[in-house]
1. Is it the case that A:Ala384 is touching a residue at least 40 places away in the same chain (Cβ under 8 Å), touching a strand residue (DSSP E or B) at 6+ places or on another chain (Cβ under 6 Å) and part of a helix (DSSP H, G or I)?
2. Please tell me if B:Gln106 is within 14 Å of chain A (Cβ to nearest Cβ) and away from ligand 1 (no atom under 16 Å from the Cβ).
3. From the list B:Ala172, B:Ala128, pick out the single residue that is touching a residue at least 24 places away in the same chain (Cβ under 8 Å), of a type in the set (Gly, Ala, Ser) and within 10 Å of chain A (Cβ to nearest Cβ).
4. Looking at the stretch A:270-277, is at least one residue at pLDDT 95 or above, within 14 Å of chain B (Cβ to nearest Cβ) and surrounded by fewer than 19 Cβ atoms within 10 Å (Cβ to Cβ)?
5. Need the failing condition index for A:Glu550 against (1) in a loop (DSSP other than H, G, I, E, B); (2) open to solvent by 60 Å² or more (accessible area, probe 1.4 Å), just the number.
6. Restricting attention to the stretch B:76-103, report how many residues are on the phi > 0 side of the Ramachandran plot and either more than 7 Å from chain A (Cβ to nearest Cβ) or touching a strand residue (DSSP E or B) at 6+ places or on another chain (Cβ under 6 Å) (or both).
7. Of the residues that make up the stretch A:166-174, is at least one free of Cβ contacts under 8 Å to residues at least 24 places away in the same chain and either open to solvent by 30 Å² or more (accessible area, probe 1.4 Å) or under 33 Å from the mean Cα position of the chain (by Cα) (or both)?
8. Which condition does B:Thr58 not pass, out of (1) of a type in the set (Val, Ile, Thr); (2) more than 9 Å from ligand 4 (Cβ to nearest atom); (3) free of Cβ contacts under 8 Å to residues at least 60 places away in the same chain, if it passes all the others?
Amino acid sequence: MTGRDDNLISVFIDEEEFLVPPGTNMVEAARLAGKEIPHYCYHPKLSVTGNCRMCLMELGMPLKDHSTGEPIIDRRGLQKIGWMPRPAIACATRAFPGIHIKTDSELVRECRNGVMEFLLVNHPLDCPICDQAGECSLQEYAADYGRGYSRFVENKNVKPKRTRLGPRVMLDDERCILCSRCIRFCKEIAKDDVLGFVDRGSYSTLTCFPGKDLQNNYSLNTVDICPVGALTSIDFRFKMRVWFLKETPSICAESSVGVNTHIESREGKIYRITPRRNDEVNDTWIPDSGRILYKSIDTDERLIHYTIDGSHTLVDGAAKEAATLLREGAVAVVGSGRASVEEQYLLGKIASAVKAISVSLVSRTGDGDGLLVSADRNPNVRGALLTGLITSLPHANLGGLASAIESGEVRTILSFGEDLTQCGVEKQLLEKVNVIYFGSHCNETGEVAKVVFPTLTVFEKAGTFINQQFRLQKFLPAVPGPQGVLPDIVSLGKLCSILDGEAIPPTGPEGVWAEMNTEIPQFSAIDFENIPINGILIDGSQWEHLPFIEGMSLHYDPDNNRQIMAEVTKSK
Amino acid sequence: MAFKILERKPLNWAERTYLPQIITGLKITLWNLFQKKVTLEYPDVRPVIPEGYRGIPTLVKDPKGREKCVSCQLCEFVCPPKAIRIQPGEIPEDADYAHVEKAPKQFDIDMLRCIYCGFCQEVCPEEAIFLQNDFSLSGYSREEMVFPKAKLYEMGGTFPDQHNKWGKKQQAAEEAKAHG
Ligand code: SF4
Ligand code: SF4
Ligand code: SF4
Ligand code: SF4
Ligand code: FES
């Protein structure tokens, strides 16, 4: 029963044998076996407290004779199982060889019914006004194990409602089932221990320590992990019911961590961003600052027309005009660390077709928080390295470009999404040259540009980013962009094909990947469709000597990453 | 299958005059002339609407004038032709019914889409929407036929609140406050 080569052990769940790694939490073991053990307080990324009792199960182990150590065999010739007389909680039980559990016996079901009845004794009838409705564990398990009517004739407890715990989180204490997930999250993950219970028994109440606020940059994760509607997001509160929301897998563009997200939208409008579990990158968390990035997509500053000298045109006209300007030579290209891998590749192609004098990227930096926001606020600098757009790390200032304009060396600038006036090139200087600007929002560079291509934001297009670990991750369009604006890959592709002569421009990332497969050795075996949802590690060892600015963060250690890279290289 | 050809019987003399038929018909007419009238002079006279009739959906208030709908959007979800559009909103903390927390900011029903199925009434957890007696609607434009919240309340009127859930809740909170 023990010691298999692959180091897996057998566990028996409802009399069926399954192989799991030793020490697996039994809630997870059951999940691997396709069985659900209902639970509230257990969370795979937090410590185990075992206080909700919803995960009760029957536990048994193979019996041995005490004196001889021989297994006791029953009449069927099998080892006898000693079932514990009382149920045990699954979340605090770890798999050991030969463990037997029952997840669906009469006793177990009775336990769950009992736990549910107690949880509902003081629970308010709030579902119609509760934001959690539709994704509430209490609702779900009440449907499975609830009694359907209440035997409680006394008055329910009254507790504080509509309490602001901090700038972004609202607490309704009546709905809290005292699972302590939020408390453990603040203590263990956010390292900002501000929540706790006061009072006892059915009067226990979740609250912030006096004089403290729940205001760290990870506070909204407590809303996600709260199994009920006790903690809700002030921003999302009463905006939309969750059953209307469509989830699109995406990548957070806040920093080079590349947090995996779900964009939740209804009829082309984004309502919220939630984390998507990826155990290699962000576990189940996302910083609050990344959740609000979508708010800028629906503003009056959005560029929605292709223009030449300020007058509207169509994409083909703009591409033709841009190509004419670029063919005149003396071109400088300013790429972006926010563009996708595909766009950077096409931009690189354009740069080499017009023999650009310089290709630069603008760096964006900030303080890393050691968790899920890194110092590099460009999500895709490594993509620019891999596609060959740049060979060294970017700078925040384009002083070199400014002097090249001054000296007349540069006559045309193609900027992809970067406002050059923000990085050391004065507006008066830009007026001296022809500017071709690709951007999603108006800014001073767009104002002086001769040709403007409106672009889409990360929420509106498909593509890939390469994060600090050299992990290639893809994002898909969640909402349609402004009417008439084509994906950036299409406009870049059109420009590219005019400059190249004949090639048929790509219409989506698939087409660009087909090209990159042959051009970029690290990408040879990848096609866009099949990039796994958790991303794939790319061999970036070639660039590991560069002085990347990221420090330690969750699942990333700059020193260790070199070793990981070495292993990826070896395995190829 | 074989089929049988029936011989049509020749009409007799009386039948050929058609008089017996005409007389029977006139008899029936004459008899009905002295019966109670069943024809309704619609639209001057309106029919009596039976219990359980499903006319157009309307929103109702409770006897105290509180709007019962809490914008849970379940009716919007269940509505088969997607006639209902709701924009939920928050009740300000200093309002009379602050403890209800949520009420619709906007509530539109497109009466051109509504098929009078009654699902919305069935699903509503707050007993806030009812299909009432109105059945005939007309308008000059499509926009006019999208009834906004104010109009739906005007047509709905007041309904008794059998459960008084929110009243009880407010009372419990006040009692708890009184006891410290
Ligand atoms: S927490 Fe769940 S069960 Fe409680 S009111 Fe909210 S949705 Fe309903
Ligand atoms: S607020 Fe939510 S997460 Fe926190 S203890 Fe209560 S139920 Fe658990
Ligand atoms: S009666 Fe049926 S169709 Fe009309 S609004 Fe209600 S649910 Fe929709
Ligand atoms: S189901 Fe009832 S309470 Fe919910 S939105 Fe519709 S009318 Fe309002
Ligand atoms: S999940 Fe096991 S006790 Fe709560």
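The values are calculated or read from the model by the stated rules, or taken from the named source; none is laboratory data. Predicted model only: the values in this text are computed from it and were never measured. All Cβ positions, even for glycine, are placed from backbone atoms using ideal geometry, and neighbour counts span all protein chains on display. The area values use the complete protein model at the heavy-atom level, side chains included, leaving out ligands, DNA and RNA. Shrake-Rupley method; radii C 1.70, N 1.55, O 1.52, S 1.80 Å.
1. Details: touching a residue at least 40 places away in the same chain (Cβ under 8 Å): yes; touching a strand residue (DSSP E or B) at 6+ places or on another chain (Cβ under 6 Å): yes; part of a helix (DSSP H, G or I): yes.
Yes: the conditions hold for A:Ala384.
2. On the way: within 14 Å of chain A (Cβ to nearest Cβ): yes; away from ligand 1 (no atom under 16 Å from the Cβ): yes.
Taking the combined requirement at face value, the residue satisfies it.
3. Numbers: B:Ala172 fails: touching a residue at least 24 places away in the same chain (Cβ under 8 Å).
Testing whether each residue is touching a residue at least 24 places away in the same chain (Cβ under 8 Å), of a type in the set (Gly, Ala, Ser) and within 10 Å of chain A (Cβ to nearest Cβ) leaves just B:Ala128.
4. yes
5. (2)
6. First pass over the stretch B:76-103, keeping only residues on the phi > 0 side of the Ramachandran plot: B:82, B:101.
Cutting the leftovers down to either more than 7 Å from chain A (Cβ to nearest Cβ) or touching a strand residue (DSSP E or B) at 6+ places or on another chain (Cβ under 6 Å) (or both) gives us B:82.
Adding up the residues that qualify gives 1.
7. So the first thing to find is which residues in the stretch A:166-174 are free of Cβ contacts under 8 Å to residues at least 24 places away in the same chain, and the list is none.
No, the stretch A:166-174 contains no residue that is free of Cβ contacts under 8 Å to residues at least 24 places away in the same chain and either open to solvent by 30 Å² or more (accessible area, probe 1.4 Å) or under 33 Å from the mean Cα position of the chain (by Cα) (or both).
8. Condition not satisfied by B:Thr58: (3).
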